[in-house]
Each structure stands twice: as structure tokens, then as C-alpha cells.
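Participant: Have a look at this one before I ask anything.
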Amino acid sequence: MRMLLLFDSFKHSASAVQITAYVAEVLQQIIPTGKLASIPLADGGEGSLEAIELTQNYERIFAEVNDPLFRKVKTYYLTSQNVAYIETAKASGIQLLTKRERNCMNTSTYGTGELIRHALNSGIEKIVLFAGGSATNDAGIGAATALGFVFLDENGAELAPIGRNLSRIVEIISPKKIPKIKIEIATDVTNPLFGKTGAAYIYGKQKGANEKEIAALDRGLQHINTLLVAKGFANLQAIEGSGAAGGLPAMLLSYFNVEIIRGTDLIFSLLNIEEAILKADLIITGEGKTDRQTLNGKLVQSVCKLAEKHHKTTWLISGCIENNEEICNRLAISKSFSLIDSEEQAKESIENPEKFILGLSEKLKMALDDLDKF
């Protein structure tokens, strides 16, 4: 039997690369050598660059840019065949901030704009921007500022490009020359820019904003859309995914040649996931928490759909699984394994997932013995 590991990261715990290594360590003690393959995955958020560079030939380009709070951070993007692959989380990611520092009223995508500018200055012809994992809600004014845009208040003073200043903008000054470069924004987020299902109301709380601040941020996003529409640009509210990364696509969609594409589809294409699934007999996938949100187009669901399409047996190993029977039925999963048996174990499993994955060894051995195919 040929087995294929296709894991997402376990959010706030371990990367897809780490989780894959832990599961592989357990399985290699059970199955014959050479029957196990693995491809760590990402959905366009944090870890996307690590995922694609494991199986492709990319060059790392290093740069020093600003983090979400305008502190210097050294990071990188990837290039291949004159295409730059930039991960928003590398410069503007929530993982760059402590819990106490997180408040998207004060954060900016300026560093992401600096990475885009760096790539442009090197002669890149196309940019793929992975948009997930940001600490921001600035409608992309931070990135735009790094690219030469200026945002003025009612007194003609230049505003800092952060979330709390969105509603104060009365004038947008664009640079004299805007590069005619193709930008693909890769995200699985389908939320609109503002409103109850928009960037602020859906993601503002996890980025540190309170209820009052979320309402203010939402008004700011609506305000920037009004300004852009008045300039003759498209109504961003009608564009699916404009609310990704705190509205990062807003300014880019208006002034650049931009297309929003599905992050998982791009990753799967770059890594030839369907071809890998075709060669396997058993697919094992998983994520930090599997629940009904998984059924709304998350990466694990995409893996399961492809596996079902090709009539492959699929197992699930996740940090925790809610509504287990329903989830397994709807995802065509034949066996599932949760790292924890009770909520009391949650904190420890997040801090030490390797221990809990190793603890599944006997259950996995019994399950594999039941298959009786190797």
C-alpha cells in the first residue's frame, strides 16, 4: 500500500512541515520503507512559501522590511521564471506580534508593499501574493504607501497607513507611474470588503480589535470603497475575496492589474497534488481543528474531494474533531483520529503536538492492520 500525507498546519501549534514529519515518524515504524510519501500543504496563508519550495526549484530573495508595527524584520520571497511569490504573513503576519501587541487598528501592510516594491525593482514580470495570515485591517493602504501612494486627511496632512486612519482619508494621491504588472492574489477567503460578513466583523476580533473598534474599522473599509468608487473604480464590495487579509486587495484591485485566485487551487497546481493522489492508495490529511468550518472550502475538504474523486481511502488526523460522525460522512473519511480525548488536553496538545501524535502509534498500527493490504 502506498500512503500519502497531505497535512495543513496546526494553527497556533506547528507548521505543516512539522506535523507531516511527526506523523511520518510514527508511520515509518509501522510500514515498509518506500511506501510513504508526503507533501506539506498550505492554503495561501502562513507557510505557503515553505510548502511550494519543498518540491519546486525556487530562489529565496531576502529583504529587510517593516513588520505590522513598523519595526524592521528580515524576511524573504521566492522567485522562479521571472515570477515572484510573496507571502503577506512574512511581513505583515499576525505571528510576528505578541498577543498583547495585536490590534488591527494600529497595524499596517506596509511591509508587504515593500516586498512587492523589492520584486518590482528587480525586474519581476508577475507577482503571486499569498494573502492569508495577516495582522491587519487597513484595506491595503499600507502596501499602497510603500508603492508610492499618499493618503491625506481633511487638513492635507499625510496619514499613517493603519486601520484606525481609514475613515480619516479624504484624498488619495497616486504615484505618477504605476507599474503594469500582473498580480495574482491567492486566498481561500471569499468575504466581501465590509459589512457583517466583511473583513472587520469576521476577522477583526482574532486580530485584537474590540467590538467598538471592529465597527470603526468596518466604517473605514466602507469609506475607502466610497472614495475609490468616486474615482471611477469598481465597487469592491461586489468582488468576492476583497475582504481577504483585512481588505488588502482593495487598493491593489483598484490601481493594478489584479486577479483574485483560490489559494488552495494554486498550491495544489504548483505541487501536482492530484497526480500525487492518483499514485497513492491511502490519503492521510488533517489540520489543527476540524469542524463544520472545514466544510466551507478549507484545505482539508479540498484534499478529501480529490481523494473521493479518484476513489481513494482517506483518513483524518487532527488536533481536535467536532461533530466527528457528520464530518467524516460529508468528507468521505473512513477513519479519524483526534489528538485529544478531552478539552483538558487542548493546551498541552497545542504546545506539544509531537507527543500526542506519537501517542496515536498503537491506534494507527491497529487501523493499518485492519486494512490488511501490505
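Taken together, the values in this text are just the output of simple stated rules run on the coordinates, not laboratory data. Computed from a prediction, not measured in an experiment: that's the story for all the values here. FYI the Cβ positions are ideal-geometry reconstructions off the backbone, even for glycines, and counts take in every protein chain you see.
Participant: What is the extension gain from Asp341 to Lys363, computed as 0.36 nm multiplied by their sequence separation minus the C-alpha to C-alpha distance, in nm to one decimal?
Facilitator: Working: separation 22, 0.36 × 22 = 7.92 nm, distance 1.33 nm.
Contour length minus the Cα-Cα distance gives 6.6 nm.
Participant: Sort region 131-225 into rounded, prolate or oblate with this rule: let a ≥ b ≥ c be the square roots of the eigenvalues of the Cα gyration tensor; rounded if a/c is under 1.5, and if a/c is not under 1.5, prolate when a/b is larger than b/c, oblate otherwise.
Facilitator: Oblate is the answer for region 131-225, as a/c is 1.5 or above yet b/c matches or exceeds a/b.
Participant: Please arrange His118, His311, His223, His12 by counting, for each residue, the other beta carbons lying within 10 Å of its beta carbon, fewest first.
Facilitator: Working: His118 20, His311 7, His223 17, His12 12.
Arranged by neighbour count, lowest to highest, His118, His311, His223, His12 become His311, His12, His223, His118.
Participant: When ranked by the protection proxy of mean other Cβ atoms within 10 Å per residue, highest first, what sequence do the peptides 320-329, 42-51, 178-187, 299-308 form?
Facilitator: On the way: 320-329: 16.0, 42-51: 25.9, 178-187: 19.0, 299-308: 21.5.
With the highest mean Cβ count within 10 Å placed first, the list reads 42-51, 299-308, 178-187, 320-329.
Participant: Right, another one. For region 222-374, compute Rh as the Kirkwood radius over C-alpha pairs and then the Stokes-Einstein diffusion coefficient at 20 °C and 1.002 mPa s; write the answer in µm²/s, rounded to an integer.
Facilitator: Numbers: Rh = 18.4 Å.
Value of D from the Cα-based Kirkwood radius: 117 µm²/s.
Participant: Run the simple label-point estimate for Asn272 and Glu125 please: 7 Å along Cα→C-beta, distance reported in nm.
Facilitator: 2.3 nm
Participant: Next question. Using just the helices of the chain, give the 222 nm mean residue ellipticity in deg cm²/dmol: DSSP H runs with n ≥ 4 each add -39,500 (n - 2.57), and the total is spread over all residues, rounded to 500.
Facilitator: -9500 deg cm²/dmol
Participant: Return the sequence-ordered ³J(HN,Hα) values of region 212-219 in whole Hz as given by the Karplus equation 6.51 cos²θ - 1.76 cosθ + 1.60 applied to θ = phi - 60°, using x for Gly and Pro.
Facilitator: 5, 5, 4, 4, 5, 5, 4, 4
Participant: How many angstrom lie between the C-alpha centres of region 65-84 and region 1-62?
Facilitator: 23 Å
Participant: Oh, and also: Among Tyr58, Ala91, Val26, which residue has its Cα positioned farthest towards the positive end of the charge dipole of region 1-101, with +1 placed on the Cβ of Lys and Arg, -1 on the Cβ of Asp and Glu, and the dipole taken about the Cα centre?
Facilitator: Final value for the positive-end residue is Val26.
Participant: Using the beta-carbon distance between Ile178 and Asn352 and R0 = 35 Å, what value does 1/(1 + (r/R0)^6) give for FRET efficiency, to the nearest 0.05?
Facilitator: On the way: r = 49 Å, r/R0 = 1.39.
Approximately 0.10, to the nearest 0.05.
Participant: Roughly how big is region 220-323's charge dipole about its Cα centre, with Cβ charges of +1 (Lys, Arg) and -1 (Asp, Glu), in debye to the nearest 20?
Facilitator: Details: 9 positive and 10 negative charges, 27 e Å.
It comes to approximately 120 debye.
Participant: For region 234-263 and region 339-367, what is the separation of their C-alpha centers, rounded to whole Å?
Facilitator: About 39 Å separates the Cα centre of region 234-263 from the one of region 339-367.
Participant: Regarding the chain, what is the average projected area of its C-alpha convex hull, in nm²?
Facilitator: Details: hull surface 75.4 nm².
Over every viewing direction, the Cα hull of the chain projects on average to 18.8 nm².
Participant: Dividing the Cα radius of gyration by the Kirkwood radius, what Rg/Rh value follows for region 48-264?
Facilitator: On the way: Rg = 15.8 Å, Rh = 16.8 Å.
Computed over Cα atoms, the ratio is 0.94.
Participant: So what's the net charge close to Asn324: Lys and Arg +1, Asp and Glu -1, counting the other residues with Cβ under 13 Å from its Cβ? Walk me through the numbers before you get to the answer.
Facilitator: On the way: positive: Lys289, Arg292, Arg330, Lys335; negative: Asp291, Glu322, Glu325, Glu326, Asp341.
That works out to -1.
Participant: A further question on this structure: Mind listing which trypsin sites (Lys or Arg not before Pro) in region 59-91 are in a DSSP loop and have 16 or fewer other Cβ atoms within 10 Å?
Facilitator: Passing sites in region 59-91 are Arg71.
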